[in-house]
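This report refers to the structure that appears directly beneath it.
The values are calculated or read from the model by the stated rules, or taken from the named source; none is laboratory data. Because the structure is predicted, anything quoted here is derived from the model rather than measured. Here the Cβ is made from the backbone with ideal geometry for all residues, glycine too, and neighbour counts use every protein chain on show. In case anyone asks, the SASA skips ligands and DNA or RNA and just uses the protein heavy atoms, side chains included. Shrake-Rupley method; radii C 1.70, N 1.55, O 1.52, S 1.80 Å.
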Amino acid sequence: MPDLVEYPSVIAGHIPVEFLQLPEEVLATTMIHHQHFFPVVDDEGRLKPAFLAVANVQVERPELIARNCERVLIARLRDARFFWDEDRKATLESRIERLSTILFHKKLGSYREKADRVSALAAWIAAESFGRPDAAPRAEQAGRLCKTDLATDMVREMTELQGTMGGIYAREEGLPEDVWKAIYY
């Protein structure tokens, strides 16, 4: 964010601890990409219920600016929590058909068609190239589900989380680790 401000002042803000139940990727994306705030982490690298914002003025009452920043961020986090709760009501598998309605490329078809190609290729690579026919079903599953998060509210709102949210939702659904990690990138 260089050159965005001439007279930088750093403001510290807080968020309610309840929002730390959201995935860290969602919190960080909301703070960094949507608000241009800096998340604060502890010594282990875990997010704390705090952020830093940079104002373009010399601030006399930073608590007023912090309170307004907190209000805006909390509203975004409420939306994110709503998307998180709603998206988890449906499985990734149940979202596959919706991919048929999302165009990947006019000459290459929908995201459903792309996912079908990826799943077939992933299974073939696992079985033939890597000599792991036992891994082919999980590779096929990861390929089939790898684009399903495009049909979630969270990814529609925060496109930066494409793939990442698919992996997180797959982990939340209890899919095998190698499947959700293959989806998450």
Roughly how tilted is helix 111-124, in degrees to the nearest 10 and between 0 and 90, from the longest Cα axis of the chain?
60
With axes computed from alpha carbons, what is the tilt in degrees of helix 62-87 against the longest principal axis of the chain, rounded to the nearest 10 within 0 to 90?
20
Whole-Hz Karplus couplings 3J(HN,Hα) for segment 12-24, θ = phi - 60° and coefficients 6.51, -1.76, 1.60, Gly and Pro as x, run 9, x, 10, 10, x, 4, 4, 6, 5, 6, 6, x, 4
Quick one: dipole size for segment 38-99, taken about the Cα centre, charges +1 on Lys/Arg Cβ and -1 on Asp/Glu Cβ, in debye to the nearest 20.
220
Leaving ligands and nucleic acids out of the surface, order 104, 38, 83, 51 by accessible area at 1.4 Å, largest first.
38, 104, 83, 51
Once amide H atoms are placed 1.01 Å from N in the peptide plane, what residues at a sequence separation of 5 or more from residue 37, or on another chain, have their amide H within under 5 Å of its amide H?
32
Can you pull the Rg over Rh of the chain, Cα-only, Kirkwood?
1.09
How many angstrom lie between the Cα centre of segment 77-129 and the Cα centre of segment 50-64?
41
Taking amide H positions as placed 1.01 Å from N in the peptide plane, with prolines and chain starts having none, which residues 5 or more places from residue 102, or on another chain, fall under 5 Å of its amide H?
111, 112
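Work out the length of the dipole vector of segment 62-185 about its Cα centre, built from +1 on the beta-carbon of each Lys and Arg and -1 on the beta-carbon of each Asp and Glu, and round it to the nearest 20 debye.
Computed charge dipole of segment 62-185: roughly 360 debye.
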Please compute the length gained on full extension between residue 90 and residue 105, using 0.36 nm multiplied by the number of residues separating them and subtracting their Cα-Cα distance.
2.8 nm
Got the relative contact order for segment 96-154 handy, in percent, Cα pairs under 8 Å and 6 or more residues apart?
34
Output needed for segment 94-185: three equivalent-ellipsoid semi-axes, defined as square roots of 5 times the C-alpha gyration tensor eigenvalues, in descending order, whole Å.
22, 17, 9
Have a look at 118, 7, 185 and report the one farthest towards the positive end of the charge dipole of the chain, computed about the Cα centre with Cβ charges (Lys/Arg +1, Asp/Glu -1).
118
Counting Lys and Arg as +1 and Asp and Glu as -1, each charge on the Cβ, what is the dipole of segment 1-45 about the Cα centre in debye, to the nearest 20?
200
Rough spin-label spacing in nm, given labels placed 7 Å along Cα→Cβ, for residue 121 and residue 156
2.8
Quick check: the angle from helix 136-145's long axis to the longest principal axis of the chain, C-alpha only, nearest 10 degrees?
50
